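The values are calculated or read from the model by the stated rules, or taken from the named source; none is laboratory data. Model, not experiment: these values are computed from the prediction. Counting neighbours? That spans all protein chains shown, and the Cβs are built from the backbone with ideal geometry, glycine included.
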Amino acid sequence: MFRFATPWFFLLLIPAWGALIYTLKKDEINTIKVSSLEFLSTVPTSLGARISRFMPLLKVLAVSCMILALARPQSGDEKINVMTEGVNIILALDLSGSMRALDFKRDNEIITRLEAVKGVVADFIMERQGDRIGLVVFGSNAFTQLPLTRDYNTIAFMLDRLKIGAAGPRTAIGDAIGISLKRLEDVKSASNVIILLTDGKSNAGQLAWQDAVEIAAQRKVKIYTIGVGTTGEVPFLVDGVFGQRYVYQHVDMDWDALKTIAQKTSGSFFQATDLASLEKIYKMIDGLERTKVEVEKWVEYKELYSTLLVAGLMMFLAYLALSHTRFMRIP
């Protein structure tokens with residue numbers, strides 16, 4: 001945010017610029033008139049004479065900078081103090097190998113499923129206000145990337161650095177739900193939500209997804225499930241002897257499991273096959289999971305007048321030095 005703390009000092013700009021206009025008019029009136037200066041028409045105007053015309057402007061610019069400094073320009077960062085609990089949201093994101101599939105497009109550019117998810121989830125995070133958000137990632141294993149926090153910039157920072165395969169190549173949906181439930185226990189809230197995004201079927205982990213869902217239902221934790229991407233043969237970019245090449249590989253998705261997870265926890269199941277549908281899904285969830293949060297806002301301002309003040313003083317000193325030496329004018 002930007003503002004001038006004492007904007008009424010701008011009124012001083014009127015006489016300052018008025019004086020400049022008056023000076024220029026006066027110079028025109030006080031010129032010496034002679035019968036003819038035709039013999040001087042071939043004499044070029046010197047550089048010093050041309051620069052001297054701008055001396056009154058230099059003085060006014062110097063004064064203007066000092067007036068702007070008096071108006072106290074400030075830049076500020078908005079701060080938010082949350083007075084109530086809000087919603088606890090765990091984002092459980094699949095980092096298994098199938099997230100490398102290239103079946104999404106953004107701005108006519110083919111991107112991986114994970115890259116598509118990162119952009120949409122980052123927008124979702126920044127739309128929330130007052131809610132605690134945590135990040136759980138899973139593949140063959142599941143672990144906490146970030147506990148529940150209201151530091152949305154840190155969440156977006158960690159999200160941007162997620163790598164495919166960081167948790168293993170397979171998919172442990174049950175463990176992902178279990179770790180998410182543990183994180184929700186850390187901070188009590190009247191409303192707890194898990195947004196589970198995956199592009200495969202559960203084929204790894206120690207906790208069966210059925211058992212994890214039963215625990216979530218008992219604790220009244222709502223789970224929104226998102227199946228991302230298409231099934232069947234999808235393109236992957238793989239490294240070969242002669243460089244990278246596109247290879248089609250078979251990808252399977254357990255839609256029924258995701259539907260059951262959502263149904264048993266009073267959540268919703270969504271299918272995202274392209275970027276537009278993925279954006280729409282997160283907007284729908286954003287609208288569904290809202291709570292009234294009392295928020296106190298204030299702004300911390302930083303003074304910026306010193307730069308203008310120094311610039312004004314430097315220009316004024318330059319004007320004084322030049323007007324009493326090189327560009328001195330004798331009445």
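Name the single residue that is nearest to Thr325 (Cα to Cα) among those in the range 45-65 being among the small types (Gly, Ala, Ser) and at pLDDT 80 or above.
Only one residue fits best here, namely Ala62.
Looking at Thr84, is it touching a Gly at 6+ places or on another chain (Cβ under 8 Å), at pLDDT 95 or above and surrounded by fewer than 20 Cβ atoms within 10 Å (Cβ to Cβ)?
no
Out of Ala167, Ala212, I need the residue that is more than 28 Å from the chain's Cα centre (by Cα), crowded, with 17+ Cβ neighbours inside 10 Å and within 27 Å of Thr273 (Cβ to Cβ). Which one?
Ala212
Working only within the range 98-131, note down all residues that are assigned to a helix (DSSP H, G or I) and over 16 Å from Glu279 (Cα atoms).
Ser98, Met99, Arg100
Got a sec? Which of Gly243, Gly178, Gly165 is farther than 16 Å from Ile90 by Cβ and either of a type in the set (Lys, Arg) or at pLDDT 90 or above (or both)?
Exactly one of Gly243, Gly178, Gly165 is farther than 16 Å from Ile90 by Cβ and either of a type in the set (Lys, Arg) or at pLDDT 90 or above (or both), namely Gly165.
Mind counting the residues in the range 119-167 that are among the polar types (S, T, N, Q) and farther than 17 Å from Leu184 by Cβ?
Qualifying residue count for the region: 5.
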